[in-house]
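What follows is a set of notes on a single structure, which appears directly below.
The values are calculated or read from the model by the stated rules, or taken from the named source; none is laboratory data. Note that the coordinates shown come from a computational prediction; the quantities given were computed from them, not determined experimentally. Counting neighbours? That spans all protein chains shown, and the Cβs are built from the backbone with ideal geometry, glycine included.
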Protein chains: 2
Amino acid sequence: MSDTTTNSPSRSERYEELLDAAAECFQSRGFDATSIDTVARHLGATKGRVYHYFPSKMDLFNAVRDRGMDIVFQATDPGYQADLPVLDRLEAMARGHVRAMLFHHSFMLVLKDGLLMRRYTTTTEFQKESLSQHIARRDAYEARFRELLAKGLAEGSLRAGPDPAITVQTFMSALNGPVAWFRPRPGDTPQKYEAIVEEIVRFAMQGLRAYPS
Amino acid sequence: MSDTTTNSPSRSERYEELLDAAAECFQSRGFDATSIDTVARHLGATKGRVYHYFPSKMDLFNAVRDRGMDIVFQATDPGYQADLPVLDRLEAMARGHVRAMLFHHSFMLVLKDGLLMRRYTTTTEFQKESLSQHIARRDAYEARFRELLAKGLAEGSLRAGPDPAITVQTFMSALNGPVAWFRPRPGDTPQKYEAIVEEIVRFAMQGLRAYPS
DNA sequence: TATCCTTCATACCCAAGAGTATGTTTCCCG
DNA sequence: CGGGAAACATACTCTTGGGTATGAAGGATA
């Protein structure tokens with residue numbers, strides 16, 4: 001107890017601090033406009049601290065992006081694994097996905113940026129590997145939604161156009177909406193968040209459901 | 001007829017060439033990663049040409065962004081002005097919006113980038129003015145959708161959650177979907193485009209429609 | 001034909017920022 | 001308590017790219 005703080009933070013805590021700060025900066029200013037000094041200043045530190053944990057700016061960004069992917073996977077996995085009717089599983093996944101969009105907004109914005117393929121100057125071999133792995137994970141994630149939609153189509157409980165891939169994309173676009181228009185505000189209540197979640201999920205599920213025309 | 005071309009291009013034609021090239025570059029690499037030299041090289045020219053038409057990179061970007069806004073307004077205006085039931089007007093607007101997303105994909109991507117508020121280093125007074133005007137136009141654009149939704153709610157033909165603003169946002173997110181996942185391909189046919197349009201519009205309208213639960 | 005003016009190309013300047021090299025402090029371990 | 005490694009801070013290098021200053025070529029006009 002040499003410091004004013006209770007105890008010195010562990011390495012992994014420091015790592016998390018850095019990830020959070022980086023997510024915040026990348027989210028608000030974008031990749032290029034965010035300098036390493038910006039991230040460091042966000043922590044009251046300097047470049048040395050950042051480069052002590054990450055070999056390059058690109059690797060830092062990739063770490064944030066990968067963390068974002070972890071989050072959506074974990075948020076939707078219970079729904080996907082659930083032993084329920086297809087339609088309920090899909091709705092649970094949708095709900096988890098939208099919740100992640102709201103509660104981990106910074107990481108989700110970075111995740112979206114990472115998927116929108118600009119800035120593909122993968123210099124290192126490690127980065128190239130990291131990228132292709134990320135693409136694979138994104139495909140696997142979308143495949144879960146496609147799988148459930150296909151099951152629902154087979155059952156007759158769901159409906160899609162001639163090309164179900166487009167339907168899934170549109171479905172997920174609706175779920176991803178908050179990334180574009182939502183900003184967390186100081187006075188936000190959990191109730192407000194849940195109201196947003198429910199409305200988006202309702203909209204998206206209704207777009208998918210089979211109705212007598 | 002001194003050249004191989006029929007005649008020397010007019011000033012406005014040159015301007016359009018520049019806008020198109022800039023839209024293409026900004027779309028594929030993003031704002032920061034696109035250098036003025038990149039845009040120039042895209043035209044087989046050098047910086048001199050670009051700076052002859054635009055005072056700065058930011059102004060060039062803004063011009064592309066504003067053009068994008070022009071496009072969506074023109075694409076949806078007939079539907080908005082039409083003398084039809086609210087639901088049909090909204091569907092016509094949606095159809096025009098999605099068509100714009102596909103047929104002017106580059107400009108639409110830049111438009112979305114411009115709305116996602118990064119890079120707000122508006123140095124010039126002119127740029128600050130340009131930005132606030134653009135925000136106003138975006139608000140006016142979204143207001144048209146909100147207006148028709150409100151009319152539909154009053155009629156009972158449409159349905160929304162407790163906060164209709166969220167419903168509109170989700171509706172438009174679905175329409176904007178192609179910005180994220182669509183890439184024009186060499187072999188694309190108009191039929192393919194129309195199929196995408198119809199499916200997205202169907203999905204989005206169904207999410208909005210009032211159904212007996 | 002002399003002279004602008006337009007329309008660019010070339011050459012240059014300069015700041016910002018990604019890395020790097022090297023201190024410096026603190027903590028741990030023997 | 002001494003030595004080393006972790007965890008940074010400081011001070012530098014060097015490239016990239018926005019912007020500018022200037023030149024050059026072609027057309028229009030008098």
Criterion first (closer than 17 Å to A:A92 by Cα, of a type in the set (A, V, I, L, M, F, W, C) and surrounded by 15 or more Cβ atoms within 10 Å (Cβ to Cβ)) does A:A180 satisfy it?
no
Condition test on A:L158, is it more than 28 Å from B:D113 (Cβ to Cβ), out of contact with any Phe, Trp or Tyr (no Cβ under 8 Å at 6 or more places or on another chain) and not small (G, A, S)?
yes
Scope segment B:159-203; condition hydroxyl-bearing (S, T, Y) and either facing another protein chain (nearest Cβ under 9 Å) or part of a loop (DSSP other than H, G, I, E, B) (or both); matching residues
B:T167, B:T170, B:S173, B:T189
Taking the criterion of being away from chain B (no Cβ under 14 Å), assigned to a loop (DSSP other than H, G, I, E, B), surrounded by 15 or more Cβ atoms within 10 Å (Cβ to Cβ) and at pLDDT 95 or above, would at least one residue in segment A:122-144 satisfy it?
no
Looking at A:D163, A:D188, which one is surrounded by fewer than 17 Cβ atoms within 10 Å (Cβ to Cβ) and either in contact (Cβ under 8 Å) with a residue 60 or more places away in the chain or touching an Asp or Glu at 6+ places or on another chain (Cβ under 8 Å) (or both)?
A:D163
Could you run through segment B:21-39 and say how many residues are aliphatic (A, V, I, L, M) and at the interface with another protein chain (Cβ under 10 Å from one of its Cβ atoms)?
1
If I filter segment A:71-83 for residues that are farther than 25 Å from A:S12 by Cα and in contact with a Ser or Thr (Cβ under 7 Å, 6 or more places away or on another chain), do I get at least one hit?
no
So if I check each of B:Y141, B:Y211, which one is of a type in the set (S, T, Y) and under 20 Å from B:D70 (Cα atoms)?
B:Y141
Candidate set: segment B:100-109, residues that are in contact with a helix residue (DSSP H, G or I) (Cβ under 6 Å, 6 or more places away or on another chain) and surrounded by fewer than 22 Cβ atoms within 10 Å (Cβ to Cβ); chosen: the one nearest to B:R185 (Cα to Cα)
B:L102
Where residues in segment A:204-213 are in contact with a strand residue (DSSP E or B) (Cβ under 9 Å, 6 or more places away or on another chain) and at the interface with another protein chain (Cβ under 7 Å from one of its Cβ atoms), which of them is farthest from B:D163 (Cα to Cα)?
A:Y211
